[in-house]
1. Only one residue in 146, 131, 166 is farther than 22 Å from residue 461 by Cβ and without any contact (Cβ under 8 Å) to a residue 40 or more places away in the chain, so which one is that?
2. Identify all residues within the stretch 202-252 that are of a type outside the set (S, T, N, Q), assigned to a helix (DSSP H, G or I) and either open to solvent by 10 Å² or more (accessible area, probe 1.4 Å) or under 21 Å from residue 463 (Cβ atoms) (or both); write none if there are none.
3. Out of all the residues in the stretch 139-191, which are of a type in the set (D, E, K, R), over 25 Å from residue 437 (Cβ atoms) and at pLDDT 95 or above?
4. Can you run down the residue pairs with Cβ atoms below 9 Å, 6 or more apart or on separate chains, where the first is in the stretch 579-606 and closer than 18 Å to residue 536 by Cα and the partner is hydroxyl-bearing (Ser, Thr, Tyr)?
5. Can you tell me which residues in the stretch 471-488 are in contact (Cβ under 8 Å) with a residue 60 or more places away in the chain, open to solvent by 20 Å² or more (accessible area, probe 1.4 Å) and within 30 Å of residue 319 (Cβ to Cβ)?
6. Of all residues in the stretch 112-138, count the ones that are in a strand (DSSP E or B), surrounded by 15 or more Cβ atoms within 10 Å (Cβ to Cβ) and in contact with a Phe, Trp or Tyr (Cβ under 9 Å, 6 or more places away or on another chain).
7. Would you check if residue 238 is small (Gly, Ala, Ser) and over 18 Å from the mean Cα position of the chain (by Cα)?
8. So residue 247 fits all but one of (1) closer than 20 Å to residue 426 by Cβ; (2) in contact (Cβ under 8 Å) with a residue 40 or more places away in the chain; (3) under 23 Å from the mean Cα position of the chain (by Cα); what number is the exception?
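The values are calculated or read from the model by the stated rules, or taken from the named source; none is laboratory data. All figures in this text were calculated on a predicted structure; none of them were measured in a lab. All Cβ positions, glycine included, derive from the backbone under ideal geometry; neighbour counts span all protein chains shown. These area figures cover heavy atoms from the full protein model, side chains too; ligands, DNA and RNA do not enter into them. Shrake-Rupley method; radii C 1.70, N 1.55, O 1.52, S 1.80 Å.
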Amino acid sequence: MFLSNYIIKCRQEHFSSFQKWRQDYKPQLPKTYVNSSNLTYISQDVVIDEGIKTLFPTLNSDKNSYVEIVTKESQDEIIRSPLRIGVVLSGGQAPGGHNVISGVFDFIKAYQSNSQLFGFLGGPIGIYTNQYVEITEDFMNQYRNQGGFDMICSGRHKIESEEQFQKSLLYCTSLKLDGLIVIGGDDSNTNACLLAEYFRKNNCPVKVIGVPKTIDGDLKNDWIEVSFGFDTATRVYSELIGNICLDTLSSKKYYHFIRLMGRSASHIALECALLTQVNITLIGEEVEAKKSTLESIVNNLADIICKRAENGQNYGVALVPEGLIEFIPEVKVLIKEINEILSKPTDNTNIKEYVLSNLSPDSKKLFQFLPKSISEQLLLDRDPHGNVQVAKIDTERLLILLLQEELEKRKKEGKYKGKFSPQSHYFGYEGRCALPSYFDSEYCYGLGYNAGALVSLGFNGYMSVLRGLHKENPSDWIPAGCPLMTMMNVERRKGKDVPVIKKALVELNGPLFQYFEKVRDIWALNDAYLTPGPIQYEGPVSKSCPFLVYPPREFNLENYVNQKSNDALHTPYAPKNAKNLSKLTKFLLEEEIKLPKILTGNYKVKLGNQLSPSTEETRQACKKNYSNLYNNHNSKFLAEIVDEAEGETVKPKENLKINSAIC
């Protein structure tokens, strides 16, 4: 209680006007939850991997079905006991986590007003160290619709040892919890299922429910349409990418290479590509499927740059998923060998020499081919699992360095006459703690509310799920639950069979990638950039779901090609295609521009105080460099537009022509 009151006091005066406005917003719920006191469910059998059944024998002994939450036809009058639920944030941040917690809070209060919610601090470590805070209404209201995980904070600890499981059971039992809601990604929810099994095996009444979180978008399957945070993060990145696209068009002299988050899957890169229509987007899954080498990737990029140069386009924008390097088969082998070599103790203080002496011939050749800055990054400190920290490898800079060499070679051969001026960027943390988008605000609140409902109905080891997310109105979404075991398969790690929720990669035969395949060659050579602009929370362009949920359906070549310049326009640039605009741009073009009232009626110019240079030196400089303006009497006075009755009569010029230039 002390901690929550302290935080409330500290935060009350530290909100922007926009944050305060968002705090008051009430997300919509699926219509099932109009009456939360009379809920039941309909079930459907699911298939669980045989290997998984053996790893979760106690949970498997229960009835495991996919369930959809519905309202009872008869309104029973039941005296309900208060619910006591714990909630924990696990893993990396994602926009919308606080809305999940607010959804849980509002459900348990609607269920029984004396219900209590407890937040475990700092992630799973808070569970087995008994660090928690009660979430009161005043505490909760500070965080509604807010970004970040700072309410109770998160952590990457896992509940792994027998002692940690025992203490988790002890403290959850001592708190007399009815349920524990784990908000996390694939690893966190795998851990949640192990905890559910442990609780059930030890006759602990605490029900464990998972909530799908990750901005990477790789927690997706037959039941989970998208993980929360993905929509917000990709819209934040796309706003920045769209700004860079406009800068590219404005200067027409830079190639921007933008690395985006997404180690295991390229969903973020693909989503941002569809939102901004950049010239080049590399998809790691395609690279792996085609067994592309680093050399072939660089050659393909160079081909596009050369073709654009022939059209006078020595500029462009390229998106690179941060995990690209691990999708390249030869690099994947190299990294695996380095990981294996460095996992063994050695007395050799020259790490580079030690690694080179133990690499296979092909890997050694590739290692020596890589630019020095990149090969050194491959030897940096490992992650807790002993793997290369891919996020620290500047993949976009690797491509730039190799492209510079290739383009210089082609220039000497007379195959390239353009100019290559690259700029590198990395967008990662910028998207993790943003205020959740309209979609994520609604989605997360519904997931939390639904998680509370699953606890109240007695489900254990389940994932909170909402279906039908392509429908614009959240009241039409379907609340459901699915056993975490159905999402798992068995992998062999460190000599043991372990359960793992499989990461969802970009499906190369899926509608989203196939649409991208149709348009990418057009985007490569045409400046078909879109500017999505900032996330919108009101109006007709705010209520849209990610393409990952509902892929584009229409394809019209004319929409992506800019009009050709013509003599009548007297411009060397191609005018923007009116059909190729973002939703926000179209909306703003149709908006009426409001002028100051005085400019809409009869007005005149009123000359005010005379202005003069502040120093004699400045006066002499103005007289010398701006002699015509200096000698003009009116140019020395402050001019103000005023109502016709107040101002001096100024004779209007006929056939007035105005030119403008941007310097």
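1. 131
2. 230, 231, 233, 235, 236, 239, 240, 244, 246, 247, 249 - these are the residues of the stretch 202-252 that are of a type outside the set (S, T, N, Q), assigned to a helix (DSSP H, G or I) and either open to solvent by 10 Å² or more (accessible area, probe 1.4 Å) or under 21 Å from residue 463 (Cβ atoms) (or both).
3. Matches in the stretch 139-191: 162, 163, 167, 176, 178.
4. As it stands, the answer is 581/531; 582/276; 582/531; 583/544; 584/531; 585/531, since those pairs meet every condition given.
5. 472 - this is the single residue of the stretch 471-488 that is in contact (Cβ under 8 Å) with a residue 60 or more places away in the chain, open to solvent by 20 Å² or more (accessible area, probe 1.4 Å) and within 30 Å of residue 319 (Cβ to Cβ).
6. Total satisfying the criteria: 6.
7. In short, no.
8. Status for residue 247: all satisfied but (2).
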